[in-house]
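Right, one structure below, let's go through it.
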Amino acid sequence: MTHADFESIAALDVLGAATAGEASALRAHLLGCLPCRRARDEFADATTFIALGLEPVPPPNRLRGQISAALSEKKRFDPWWLAVAATLFFALWVWREMGIRVAREADASQRAEIERLQNENAQLANKAAHTFELTGQQFAPSAKARVVLEPERRRAVVVFQHLPPNAADKSYQLWIIRADQAKPVSAGVFNATSDGSASIAIENLPVDAVIKGLAVTLEPRGGVDQPTNTDFVVAGDA
């Protein structure tokens, strides 16, 4: 069977509509297939969301007996149940496809912003702007970034490459290391795209600040006041 076949079985499995053979084959396949295991988890989450979104309705008193009788007689797949399962199956697929579409649109939007900043970066590089590089540290040796610092406009643009994708509960945070302050100053948070690209524009730089360098750490989502670790992703002197 293909991955698409196993994803279909996974959707049925969370509804309890997969046959014993299908469920057994799925369990064996999930042991070695991370994408299908992720799809199965997404279907399970979607099922919970759908269930929580429904208004509770007290079941008829006779329903418990009917369910018990149906199960004992192995009538789990009667037309009524198949109709409900088909509806939920379709809802699961719509839910997952919508999630994938939203993620792709967000990724495309960020890529467009990165391209815009890269073009702006190139234009700034042709002017009297100061440029320097941030190099990957032990946490991410292949990561790198180009910084274009434009003091007259009190702004800087940083374009990153080859960053490890950050988890949903984490954010990358950029820090300014100033000569006149012992502690780094946050310059904002950002996320990496699936191919490791990212960008951030720093506005309203202090005119009297002597910037020694920049560094990036991985922090709890939304950022923190001060770095929670010294595992720099990239860093460099200005």
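Where a number appears in this text, it was derived from the coordinates with a stated rule and is not lab data. Keep in mind it's a predicted model, so treat the numbers as computed, not measured. No Cβ is skipped: glycine too gets one built from the backbone with ideal geometry, and neighbour counts run over all protein chains shown.
What the table shows:
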read-out	value
Packing-based order for 179-189, 194-204, using average beta carbon neighbours within 10 Å, highest first	194-204, 179-189
Residues whose placed amide H lies under 5 Å from that of Lys170, excluding near-sequence neighbours	Arg221
FRET efficiency, 1/(1 + (r/R0)^6) with R0 30 Å, evaluated for Asp195 and Arg27 via beta carbons	0.35
In order through segment 131-141: 3J(HN,Hα) via Karplus (6.51 cos²θ - 1.76 cosθ + 1.60), integer Hz, x for Gly, Pro	10, 7, 10, 10, 10, x, 9, 4, 5, 8, x
For a label point 7 Å along the Cα-to-beta-carbon line of Asp231, residues of segment 160-176 with backbone N under 17 Å	163-174
Interchain or long-range residues, amide H under 5 Å from Arg178's placed H	Val185, Lys212
Extension gain, Val224 back to Lys183 (0.36 nm per residue minus Cα-Cα distance, nm)	13.5 nm
Vicinal HN-Hα couplings computed from phi for segment 20-26 (Karplus, 6.51 cos²θ - 1.76 cosθ + 1.60; Hz; Gly/Pro x)	4, x, 5, 4, 5, 5, 5
Rounded D (µm²/s) - segment 127-237, Kirkwood Rh over Cα pairs, Stokes-Einstein at 25 °C, 0.890 mPa s	176
Other-chain or far-sequence residues with amide H under 5 Å of Leu205's (modelled H)	Arg155
Nitroxide proxy distance, nm - points 7 Å out along Cα→Cβ at Lys170 and Glu203	2.9
